[in-house]
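*Asks:* The following block contains the structure, expressed as structure tokens.
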Ligand SMILES: *Cc1c(COP(=O)(O)O)cnc(C)c1O
């Protein structure tokens, strides 16, 4: 077989551990998964009835243009329906964009550490990859501009950034957009947009009218609680959407995903409620970090990256054996940190109790060594 050489350098995406596998391995009754930034409050009740009434459509192909969901979302965002493209999760949109613009003759610029799929897809397309280290957990936009060359077709911005939870302030983003050549597509991944509370955050959707080379990616997987149904969307100038569309599989978003997303948009009360509860939950982690002198990045998302100054896998393993699945920072570019999804008040309390115990043990061990 003559595989693309670059494919052989990649490993498949390593997802957070599954609840079932951990239950079995450690003989635990209850497992709390706070590893993949899913919504601990589930999804809107309106989604459930939308799914039920869709059950009989099972044998029928989905609407390839996603007309109903498209119209609903266009009205909600106050954009023309032609400014939207849908993906089987926003992961799928990252793939479509890469397929359309990246190749061995092109380069692409991204931060590091950031969401792994930008790099992964760029490797598959054989593009030259330029990774610009974060500065104190934030995008180095000047560094990213410097890294661009005449072959740069795509620049990836993740704001708020996964795994740090930090965001790009409005003035910094605007200055960046002014300087990026119009031949380069700026991808602004806003998977955590609905969680943002910062005052100096921008309105990305309205920026797509001013900057015809900007595409904004959002998803129903995070605050909307529909990760299993795989629905993401992109918003951009109609010319960008038109160019990307042929690279999209015809039926990439299934009927259940479409019906669920449509219903979910209608329940903004649920979204607001989750956003509020998330801030309360984040505060539990902030308080804990202050109490124990732990460093973390202030987060605009539903996760927090905490630096324990020891091997992140050790913390991860300790929590895992006691029924809490989180992500070790090791695979995320922060080897001494752990990324924790903000759960319900009770889930956070439970996890923090175990972390507290872990830190006490650590301290005792160190005293013993002396
Ligand atoms: C979770 C996540 C995604 C993927 O979302 P899907 O719509 O489920 O594919 C994309 N970008 C970032 C930054 C994420 O954290």
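*Asks:* Could you compute the FRET efficiency for residue 273 and residue 1, with r as their C-beta to C-beta distance and R0 at 56 Å, rounded to 0.05?
*Replies:* Here the calculated transfer efficiency is 0.60.
*Asks:* If the chain between residue 291 and residue 129 were fully stretched, how many nm would it gain, using 0.36 nm times the residue separation less the Cα-Cα distance?
*Replies:* 54.2 nm
*Asks:* Would you mind checking the radius of gyration and Dmax of the stretch 279-364 based on alpha-carbon positions, in Å?
*Replies:* 11.6, 34
*Asks:* Okay, next question. Tell me the angle of helix 345-369 to the major Cα principal axis of the chain, expressed in degrees between 0 and 90 and rounded to the nearest ten.
*Replies:* Rounded to the nearest ten degrees, it is 50.
*Asks:* Which of 174, 320, 157 comes first, and how do the rest follow, when ranked by fewest Cβ neighbours within 10 Å?
*Replies:* Ascending Cβ contact count within 10 Å gives the list 174, 320, 157.
*Asks:* Diagonalise the Cα gyration tensor of the chain and give the resulting equivalent ellipsoid semi-axes, square root of 5 times each eigenvalue, largest first, whole Å.
*Replies:* Largest first, the chain gives 34, 26, 20 Å.
*Asks:* Same structure, new question: Cα centroids of the stretch 1-54 and the stretch 293-325: how far apart, whole angstrom?
*Replies:* Taking the Cα centre of each part, the stretch 1-54 and the stretch 293-325 sit 19 Å apart.
*Asks:* Please state the relative contact order of the stretch 45-266 as a whole percent: Cα pairs under 8 Å, 6+ residues apart?
*Replies:* Relative contact order for the stretch 45-266 comes out at 30 percent.
*Asks:* Starting from the Cα gyration tensor of the stretch 322-370, take the square roots of the eigenvalues, sort them a ≥ b ≥ c, and report rounded, prolate or oblate (rounded when a/c is under 1.5, otherwise prolate if a/b is larger than b/c, else oblate).
*Replies:* On the way: a/c = 3.26, a/b = 1.30, b/c = 2.50.
Cα axes put the stretch 322-370 in the oblate bin.
*Asks:* For the stretch 8-49, what does the alpha-carbon gyration tensor say about shape, rounded, prolate or oblate, given a ≥ b ≥ c as the root eigenvalues, a/c under 1.5 as rounded, and a/b over b/c as prolate? Walk me through the numbers on the way to the answer.
*Replies:* On the way: a/c = 2.95, a/b = 1.29, b/c = 2.28.
Note, shape of the stretch 8-49 comes out oblate.
*Asks:* Provide 360, 186, 154, 79 in ascending order of the number of other Cβ atoms located within 10 Å of each residue's Cβ, fewest first.
*Replies:* Fewest to most other Cβ atoms nearby, the residues stand as 360, 79, 186, 154.
*Asks:* Mind checking the angle between helix 90-101 and the chain's longest principal axis? C-alpha axes, 0 to 90 degrees, to the nearest 10.
*Replies:* Approximately 50 degrees, to the nearest 10.
*Asks:* For the chain, set up a GNM with springs between Cα atoms under 10 Å and report which of 147, 198, 127 has the largest fluctuation.
*Replies:* Answer for the Gaussian network model of the chain: 198.
*Asks:* Could you tell me what fraction of 2.2 N^0.38 Å the Cα radius of gyration of the stretch 137-245 comes to, as a two-decimal ratio?
*Replies:* Working it through for the stretch 137-245, the quotient is 1.06.
*Asks:* Which whole-number percent gives the relative contact order of the stretch 240-324, counting Cα pairs below 8 Å spaced six or more residues apart?
*Replies:* Relative contact order here is 15 percent.
*Asks:* With everything on Cα atoms, drop me the angle between helix 255-266 and the longest principal axis of the chain, reported from 0 to 90° to the nearest 10.
*Replies:* So the inclination is approximately 80 degrees.
*Asks:* Follow-up. Listing 128, 326 from the residue with the fewest other Cβ atoms within 10 Å to the one with the most, what is the order? The partial results should precede the final answer.
*Replies:* Numbers: 128 16, 326 25.
Result, fewest neighbours first: 128, 326.
*Asks:* Turning to a different aspect of this structure: Given an 8 Å cut-off on Cα distances and at least 6 residues of separation, report the relative contact order of the chain as a percent.
*Replies:* Once normalised by length, the contact order is 23 percent.
*Asks:* Here is a follow-up. Pull out a ≥ b ≥ c, the square roots of the eigenvalues of the alpha-carbon gyration tensor of the stretch 1-137, then state rounded if a/c is under 1.5, prolate if not and a/b is larger than b/c, and oblate in the remaining case.
*Replies:* oblate
*Asks:* For the stretch 45-266, just list the percent of Cα-Cα distances falling in each 5 Å bin from zero outward, please.
*Replies:* Taking all Cα pairs of the stretch 45-266, the binned fractions are 1, 7, 15, 20, 20, 16, 11, 6, 3, 1, 0 percent.
*Asks:* Considering the chain as a Gaussian network with a 10 Å cut-off on Cα pairs, which listed residue, 290, 120, 139, attains the greatest mean-square fluctuation?
*Replies:* Of 290, 120, 139, the Gaussian network model singles out 290 as fluctuating most.
*Asks:* Please state, as a whole number in µm²/s, the translational diffusion coefficient that the Stokes-Einstein equation yields for the stretch 199-292 at 4 °C and 1.567 mPa s, with Rh defined as the Kirkwood radius across alpha carbon pairs.
*Replies:* Estimated via Stokes-Einstein, D reaches 81 µm²/s.
Where a number appears in this text, it was derived from the coordinates with a stated rule and is not lab data. What you are looking at is a predicted structure, and each value in this text was computed from that prediction instead of being measured. Note: ideal-geometry Cβ built from the backbone for every residue, glycine included; neighbour counts use all protein chains shown.
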